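Below: the structure, in structure tokens.
The values are calculated or read from the model by the stated rules, or taken from the named source; none is laboratory data. Because the structure is predicted, anything quoted here is derived from the model rather than measured. Reconstructed Cβ throughout: ideal geometry from the backbone, glycine too, with neighbour counts over all protein chains shown. Please note that ligands, DNA and RNA were not included when accessible areas were found on the heavy atoms of the full protein model with its side chains. Shrake-Rupley method; radii C 1.70, N 1.55, O 1.52, S 1.80 Å.
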Amino acid sequence: MDRYNAKDIEAKWQSAWATADCFRAEETPGREKYYVLEMFPYPSGRIHMGHVRNYTIGDVIARYKRARGFNVLHPMGWDAFGLPAENAAMERKVHPAKWTYANIAAMRDQLQSMGLSLDWSREFATCDPDYYAQQQRLFLEFMAHDLVYRKETWVNWDPVDHTVLANEQVIDGKGWRSGAPVERRNLPGWFFKITEYAEELLDELQRMERWPEKVRLMQANWIGRSEGARVFFPLEGDAAAEAHGPLEVFTTRPDTLFGASFCAVSPHHPLTAALAEKDPELRAFVAECDRLGTSEEAIETAEKRGYRTPLTARHPLIPDQTLPVCVANFVLMDYGTGSIFGCPAHDQRDLDFARKYDLSVTPVVLPPDADPATFAIDAEAYVGEGRIYNSDFLNGLSVTDAKRSVIERLEDLSAGRGTVQFRLRDWGVSRQRYWGCPIPVIHCPTCGPVPVPDAQLPVTLPEDVDFDTPGNPLAHHPTWKKVDCPRCGGPAERDTDTMDTFVDSSWYFARFCSPQAERPLDSAATRYWLPVDQYIGGIEHAVLHLLYARFFTRALQRFGDVETVEPFAGLFTQGMITHATYRAEDGAWIEPNDVMQAEDGRLTTSEGRAVTQGRIEKMSKSKRNTVDPATIIETYGPDTARWFMLSDSPPEREMEWTDAGIEGAWRFVNRLWRLVEAALESLPPRGAPMPPVIEGPALDLRRQVHKTVDAITSDIEAFHFNKAVARLYELTNALSGYDAKDAAGTWVLREALELLVRLSGPMMPHLSEELWQRLGHSELLANTAWPDAEQTLLIEESVTLAVQVNGKKRATIELPRDADQQAAEAAALADPAVQRALQGQALRKVIVVPNRIVNLVI
RNA sequence: GGCCCCUUGGCGGAACUGGUAGACGCACGGGACUUAAAAUCCCGGGUCUUCGGACGUGCGGGUUCGAGUCCCGCAGGGGCCACCA
């Protein structure tokens, strides 16, 4: 008997599927569709284990749904713009396009070696001019629908690389590449109006039942709805400022208004700018605030600092009280109104600030058991519940009632109003980079920003660019940006920024419906295929990508391109792949490949250096604890890799990669092979009629097989792949111990093996396909329907019940299914172990749960 | 600092709405086959035990005939957000 030859067999079936073109998806009206999508990869050059897990899960679902008769769309593409390509250009003198497309070719080969049921005819990369041309059309649609606007804002600026950095690219206040301290700069850029949909994006989360609770919660927190009030404080002390109108602040604690002791505005507030014009000291203060980084560490260690302006603010509810107005470094311009009132007694930041600048601290919320005469605030603000006091008409109210009451009063006096504030900000998409989708706008000195006319699209990236000069290669290009204004014909310049790569991934799933369409989307195709029925990817995209895509889909609906507002009806977030880490004595990380175990169990490198094993951590290049999937697939074949990925750990949890684990999977692949091979000769021909009588071990096996069909079907539906794997092991174990005694016995054996192979199909497609052929089938397993369990075989004739005495298990009894209470009680009482436990005492109560348990209470 | 989640053998994990805790795999131990090894096959296992049983799902309490599952408190681990007023 042959050993399973992974390489030949797997290549054979991959080409058979390709020849049969099994996985090409076509719109078939009237046939129920199912769109399975895994988050498309960044073409770094090689796939990693996270990809293997992601695409294995997706492929199980896609193959299963196909077998269930759905018209499945399962496409693949490349999230191909981004900074690494520019870094490669700088470091290796290779053009980003060349580097990216070479990586795509290499990764496509690797993905194809996994045997995924993908429709490769729909493949595209976001850096294809065909794709980004359509994205530019969409950008112009956003402009036409007033969903994108231009403004100046504060960004992280790397003074060495001359570029804006995303927050994630600022590490400890320094640029991740240059290491230079990041500055804050005010730069113009384009913003998508995602905040226009804040309420809708938040509300709809409640109805997205097929999304993980965790992701919905993270998005809800990110959108951050707060109820509160806007309050107007009339300003005094400077004619210009008074003309500016009252100071508008946002608060979630209007109930503490009587405890206000100051007002503070952001260093970037217009009022600050107005005052700074004639106040050099204030200008210096603002400049200093800007030098402080926006990194986590900088914020944590930053001291609360303020600058006292000559202004005072009149309290809206206490006519004879005025409050000092400060510029404070902790007030953010882009949340609320960019200004606050400070109530030090009930807000820790305000308290820190008040103590430093010696401002008054008046408690207005009395904790439940506190004495109003003695309650005082020391170093900690009181933020809990309580009764309002020191607060005129609010005295005696609860916090909640006081909020309502004070808002009513403010509204009566036109001194404020109740409002809802979101944490979500508009999405800034301009990036000062080359390898991205050019923003299709021309800046004209007379006409302002002018959209590039449709006929002139796409605005393509120039190829002759210089990466040796720091900064944006598009801005440096000698001719690219110089154009005539499409409106007045005068000399003008292109926008030299490109779009955030998250824009590229915000609509690719819709483009897959009609990847060659002349317009961004073909509404007939999107109507048929969208929403994505099952989206699968990493939890790291819980907020940004998934929120942007939800926003985009709403915009696309407004443009008439799609019917749905939610892009992903079902979302599954897979866990990370972990691996043990190893370090040499000098602390250097050692790759698992280089670790050997000596006879005495000690670990060394191949050169004999001592190695210690560290914690099990997420696979990462920095810890060098990665395992290359290409090596694994080369050694064991894709089915073994896929099988191991699905075994043991539930897919949403972390999965530890171990050599023993992959070896175990390899053993099972071979065991399944041998099981079928060994049985082939004794089997009746394919399609032989079912024998009239099946009994004894054959019937038992048949019951188990059909129960397995039933169980695996629901396991796959529920993403419980580890349980499906366990059931296949159990069935295999049963088959190993099965001895076919007669014709009925071998008939059942054939049925069992065929079902075993069909159930394995989505998980180990190559092996299953080969065994299916060896069992005599000429039709591809990939084109074979999912089996149905024989319902009558799922019902047991006899059941085992546990018998408890006072809740402790004392025995088990066998009873016919659905035996009545008296029979169950009698059988329980007849058991010797039960009698021993009862010790002749009278029963006080008997609980019988049919087919489950008998509990005797004495 | 805020919000959320998790905790079951040596390990990963099973256990549908409260009803036989530990399926299945990994690792381990024993045996068979072999000159031998590998591969393969079979068997074993929560802990303790006076062999009757006792104790066991992070810890302490509660509800219930019955709790891994529900409730309260605590501890440990993890995640996300974070000068968000």
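When you filter the GluC sites (Glu not before Pro) in the range A:339-440 for DSSP loop state and at most 13 other Cβ atoms inside 10 Å of their Cβ, you are left with A:GLU380, A:GLU385.
Pairs over the 25 Å Cα-Cα cut-off, from the set A:LYS12/A:LYS65; A:LYS214/A:LYS618; A:LYS65/A:LYS618; A:LYS151/A:LYS481; A:LYS93/A:LYS481: A:LYS65/A:LYS618.
Compactness check for the range A:733-773: Cα Rg over 2.2 N^0.38 Å is 1.26.
Based on Cα contacts under 8 Å between residues 6+ apart, chain A shows a relative contact order of 13 percent. Summary value for the range A:78-129: 51 percent relative contact order, contacts being C-alpha pairs under 8 angstrom separated by 6+ residues. Cross-link reach is defined here as a Cα-Cα straight distance under 25 Å, omitting same-chain residues fewer than 8 places apart; for A:LYS356 the lysines meeting it are A:LYS304. Three semi-axes describe the equivalent ellipsoid of the range A:455-548; taken as square roots of 5 times the Cα gyration tensor eigenvalues and ordered largest first, they are 34, 20, 11 Å. Of the residues A:GLY761, A:SER649, A:TRP589, the one whose Cα sits farthest towards the positive end of the charge dipole of chain A is A:GLY761 (charges of +1 on Lys and Arg Cβ, -1 on Asp and Glu Cβ, taken about the Cα centre). Loop-resident trypsin sites (Lys or Arg not before Pro) (DSSP state other than H, G, I, E or B) in the range A:760-858 with no more than 12 further Cβ atoms inside 10 Å of their Cβ: A:ARG817, A:ARG844, A:ARG852. Pair-distance distribution P(r) for chain A, from all Cα-Cα distances in 10 Å bins starting at 0: 2, 10, 15, 18, 17, 15, 11, 7, 3, 1, 0 percent. When you work out D = kT/(6 pi eta Rh) for the range A:627-693 at 10 °C and 1.306 mPa s, using the Kirkwood radius from C-alpha pairs as Rh and the Stokes-Einstein form, the result is 111 µm²/s.
Heavy-atom accessible surface of A:MET499, to the nearest 10 Å², is about 10 Å², with a 1.4 Å probe and all protein chains retained.
Of the residues A:LEU271, A:PRO486, A:HIS777, the one whose Cα sits farthest towards the positive end of the charge dipole of chain A is A:HIS777 (charges of +1 on Lys and Arg Cβ, -1 on Asp and Glu Cβ, taken about the Cα centre). Counting only Cα atoms, the range A:304-434 measures 65, 34, 31 Å along its principal axes, largest extent leading.
Compared with the dominant principal axis of the Cα atoms in chain A, helix A:721-736 is inclined by about 10°. Roughly to the nearest percent, how much of the accessible area of the range A:431-550 is carbon and sulfur, given a 1.4 Å probe? About 50 percent, which is the carbon plus sulfur part of the accessible surface. As a fraction of the 1.4 Å probe accessible area of the range A:1-153, surface on carbon and sulfur atoms comes out at 49 percent. Overall shape of the range A:25-82 was characterised from the C-alpha gyration tensor. The equivalent ellipsoid obtained from it has semi-axes of 26, 14, 6 Å, in decreasing order.
May I ask which residue of A:TRP673, A:PRO691, A:GLY661 lies farthest towards the positive end of the charge dipole of the range A:657-707, with charges of +1 (Lys, Arg) and -1 (Asp, Glu) on Cβ and the Cα centre as origin? Comparing the listed Cα positions along the dipole, A:PRO691 ranks first.
Take the range A:407-454 with all the other protein chains still there, run a 1.4 Å probe, and you get 40 Å² of accessible area per residue.
Once the convex hull of all Cα atoms in the range A:469-523 is built, its volume per residue stands at 138 Å³.
On a per residue basis, the range A:683-736 carries 46 Å² of accessible surface, using protein heavy atoms and a 1.4 Å probe.
What fraction of the Cα pairs in the range A:658-798, stated in percent, has a spacing above 28 angstrom? The answer is 14 percent, as a whole percent.
Let a ≥ b ≥ c be the square roots of the eigenvalues of the Cα gyration tensor of the range A:68-151; is it rounded (a/c under 1.5), or, if not, prolate (a/b larger than b/c) or oblate? Oblate, because a/c is 1.5 or more while a/b does not exceed b/c. Using every pair of separate Cα atoms, the Kirkwood estimate puts the hydrodynamic radius of the range A:507-649 at 19.0 angstrom.
Of all DSSP beta bridges confined to chain A, the antiparallel ones make up roughly 80%. Placing +1 on the Cβ of every Lys and Arg and -1 on the Cβ of every Asp and Glu, with nothing else charged, gives the range A:773-858 a dipole about its Cα centre of roughly 740 debye. Of all DSSP-defined beta bridges confined to the range A:513-609, some 50% are antiparallel rather than parallel. Counting every C-alpha pair in the range A:594-716, the share spaced more than 17 angstrom apart comes to 75%.
The alpha carbon convex hull volume per residue for the range A:88-216 rounds to 218 Å³. Based on the reciprocal of the average 1/r between different C-alpha atoms, the Kirkwood radius for the range A:386-472 equals 19.2 Å.
Counting only DSSP H runs of at least 4 residues, each contributing -39500 (n - 2.57), and dividing by the residue count of chain A, the helix-based mean residue ellipticity at 222 nm comes to -11000 deg cm²/dmol. Using only alpha-carbon positions in the range A:770-858, the gyration tensor eigenvalues give semi-axes of 46, 12, 10 Å once each is multiplied by 5 and square-rooted (largest first).
Principal axis analysis of the Cα atoms in the range A:509-569 yields extents of 33, 20, 18 Å, listed in decreasing size.
The relative contact order of the range A:316-367 comes to 22 percent, based on Cα pairs under 8 Å that sit 6 or more residues apart.
For the range A:614-739, with all protein chains in place and a probe radius of 1.4 Å, 50% of the accessible heavy-atom surface sits on carbon or sulfur.
Based on protein heavy atoms only, the range A:790-829 ends up with 62 Å² per residue of surface accessible to a 1.4 Å probe. Annotation for the range A:252-293: chymotrypsin sites (Phe, Trp or Tyr not before Pro) lying in DSSP loop with at most 10 further Cβ atoms inside 10 Å of their Cβ do not exist.
3J(HN,Hα) along the range A:104-112, derived from phi through the Karplus expression 6.51 cos²θ - 1.76 cosθ + 1.60 where θ = phi - 60°, amounts to 4, 4, 5, 6, 4, 4, 5, 5, 5 Hz, with x in place of Gly and Pro.
A Cβ-based charge dipole, computed about the Cα centre of chain A with Lys and Arg at +1 and Asp and Glu at -1, lands at about 880 debye.
Binning all Cα-Cα separations of the range A:1-111 at 5 Å, short to long from zero, yields these whole-percent fractions: 2, 10, 14, 17, 17, 14, 10, 8, 4, 2, 1, 0.
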